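*Asks:* Dropping the structure in here first, questions after.
The values are calculated or read from the model by the stated rules, or taken from the named source; none is laboratory data. Just so it is clear, the model here is predicted, and its values are computed rather than measured. Cβ sites come from the backbone with ideal geometry, for glycine too, and all protein chains shown count toward neighbours. Heavy atoms of the whole protein, side chains included, go into the accessibility calculation; ligands, DNA and RNA do not. Shrake-Rupley method; radii C 1.70, N 1.55, O 1.52, S 1.80 Å.
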Amino acid sequence: MKKHIPNTITCCNLISGCIATVFALYGVPEMALLFIILGAVFDFFDGMTARVLGVSSPIGKELDSLADDVTFGVAPASILFSFLGNIDYPTFLEGGRTVIPFFAFIISAFSALRLAKFNLDTRQTTSFIGLPTPANALFWGSLIEGFGSHMMFSPYALPLLLIGIVVSSWLLVAEIPMFALKFKHWGFKGNEIKYGFVIFSAIALIGGITYSVIMEDIKFCYAPFCVIILAYIAVSIATQKKICM
């Protein structure tokens, strides 16, 4: 019985991703983002449960990658697809409105490539090589939900989003070491980057929530997640040598 528990949790991740995709295609990004976050919670606990119960298996590993590509690849791409279909287009690109949104699904393809690469890469035990798919999904979901109303009528939104698709897809498979919040010990020495990032993230979240309450803009409480992911990428690139040590 216990050998099925981790796979059941992984399937909950997969179902969360499917629900997130449906909400995204119906133009409800806040619910899509919530189910992506729920999927991330299931993704965290399935691996932990497998290790605790000692029931890790090749099937579980493959199932986990499939679920992750739906939740952290297809779902965020669907959020972006829906958004690209509704924003203002420059006059000369208006004819491409029916085609351009499909470029969002490039993220799904590169998420699959990143997950396949991760399964085969023995270097990624204490850190990551390339941007983790949950971080990429959280970035896109929080960007659209937190800043979508400001981007909807901006003339710069479309080119910036298309550039963002290319950059984030590249980051998923790039040979760039990125730190993981895995602690071998709880001391500060050797964990400076991790503790610093945790403190920054907490301040950003508290600041974003406070601002959204004061301004009565509940959507803005998602904005800090976008900033946190950008900070994660920047810190990882700036501290590559330390991460590799």
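*Asks:* Every residue in region 50-88 that is β-branched (Val, Ile, Thr) and either more than 22 Å from the chain's Cα centre (by Cα) or open to solvent by less than 20 Å² (accessible area, probe 1.4 Å) (or both), please.
*Replies:* VAL52, VAL55, ILE59, THR71, ILE79, ILE87, listed by residue number.
*Asks:* Next up: Might you check whether a residue that is assigned to a helix (DSSP H, G or I), among the polar types (S, T, N, Q) and touching a residue at least 12 places away in the same chain (Cβ under 8 Å) occurs anywhere in region 45-55? Show your work before the answer.
*Replies:* Step one: list which residues in region 45-55 are assigned to a helix (DSSP H, G or I), which gives 45-53.
Going one step further and asking which of them are among the polar types (S, T, N, Q), we end up with 49.
Add one more test, that the residue is touching a residue at least 12 places away in the same chain (Cβ under 8 Å), and what stays is 49.
Scanning region 45-55, I find at least one residue that is assigned to a helix (DSSP H, G or I), among the polar types (S, T, N, Q) and touching a residue at least 12 places away in the same chain (Cβ under 8 Å), so the answer is yes.
*Asks:* Also, quick follow-up: Inspect region 210-227 for any residue being touching a Cys at 6+ places or on another chain (Cβ under 7 Å) and open to solvent by less than 40 Å² (accessible area, probe 1.4 Å) and give the result as yes or no.
*Replies:* Among the residues of region 210-227, at least one is touching a Cys at 6+ places or on another chain (Cβ under 7 Å) and open to solvent by less than 40 Å² (accessible area, probe 1.4 Å), which makes the answer yes.
*Asks:* Taking the conditions exactly as written (outside any loop (DSSP other than H, G, I, E, B) and under 17 Å from the mean Cα position of the chain (by Cα)), does VAL213 satisfy them or not?
*Replies:* no
*Asks:* Which residues, counting only those in region 75-122, are among the aliphatic types (A, V, I, L, M), over 13 Å from ILE165 (Cα atoms) and either free of Cβ contacts under 8 Å to residues at least 24 places away in the same chain or assigned to a helix (DSSP H, G or I) (or both)? Before the answer, list the steps.
*Replies:* To start, the set of residues in region 75-122 that are among the aliphatic types (A, V, I, L, M) comprises 75, 77, 79-80, 84, 87, 93, 99-100, 104, 106-107, 109, 112-113, 115-116, 120.
If we keep only those that are over 13 Å from ILE165 (Cα atoms) too, we end up with 75, 87, 93, 99, 112-113, 115-116, 120.
Across region 75-122, the qualifying residues are ALA75, LEU93, VAL99, ALA112, LEU113, LEU115, ALA116, LEU120.
*Asks:* For region 160-184, what are the residues that are under 29 Å from PHE92 (Cα atoms), open to solvent by less than 30 Å² (accessible area, probe 1.4 Å) and without any contact (Cβ under 8 Å) to a residue 60 or more places away in the chain?
*Replies:* Narrowing region 160-184 to residues under 29 Å from PHE92 (Cα atoms): 160-170.
Those still in the list that are open to solvent by less than 30 Å² (accessible area, probe 1.4 Å) too: 161, 164-165, 168-169.
Matches in region 160-184: GLY164 only.
*Asks:* Got a sec? Which of PHE45, PHE105 is among the aromatic types (Phe, Trp, Tyr), open to solvent by 40 Å² or more (accessible area, probe 1.4 Å) and at pLDDT below 90?
*Replies:* Values: PHE105 fails: at pLDDT below 90.
Answer to the selection: PHE45.
*Asks:* Answer yes or no as to whether LEU38 is open to solvent by 40 Å² or more (accessible area, probe 1.4 Å), under 24 Å from ILE79 (Cα atoms) and part of a helix (DSSP H, G or I). Can you show your working first?
*Replies:* Values: open to solvent by 40 Å² or more (accessible area, probe 1.4 Å): yes; under 24 Å from ILE79 (Cα atoms): yes; part of a helix (DSSP H, G or I): yes.
Yes; evaluated as a whole, the condition is true for this residue.
*Asks:* Something else: Could you check region 185-201 and list, in sequence order, the residues that are open to solvent by 40 Å² or more (accessible area, probe 1.4 Å) and over 15 Å from VAL235 (Cβ atoms)?
*Replies:* HIS185, TRP186, PHE188, LYS189, GLY190
*Asks:* Could you tell me whether ASP69 is within 29 Å of PRO159 (Cβ to Cβ) and outside any helix (DSSP H, G or I)?
*Replies:* no
*Asks:* Moving to a separate point now. Which ones in region 123-159 are in a helix (DSSP H, G or I), open to solvent by 20 Å² or more (accessible area, probe 1.4 Å) and under 16 Å from ILE229 (Cβ atoms)?
*Replies:* Within region 123-159, PRO134, LEU138, PHE139, LEU143, PHE147 meet the criteria.
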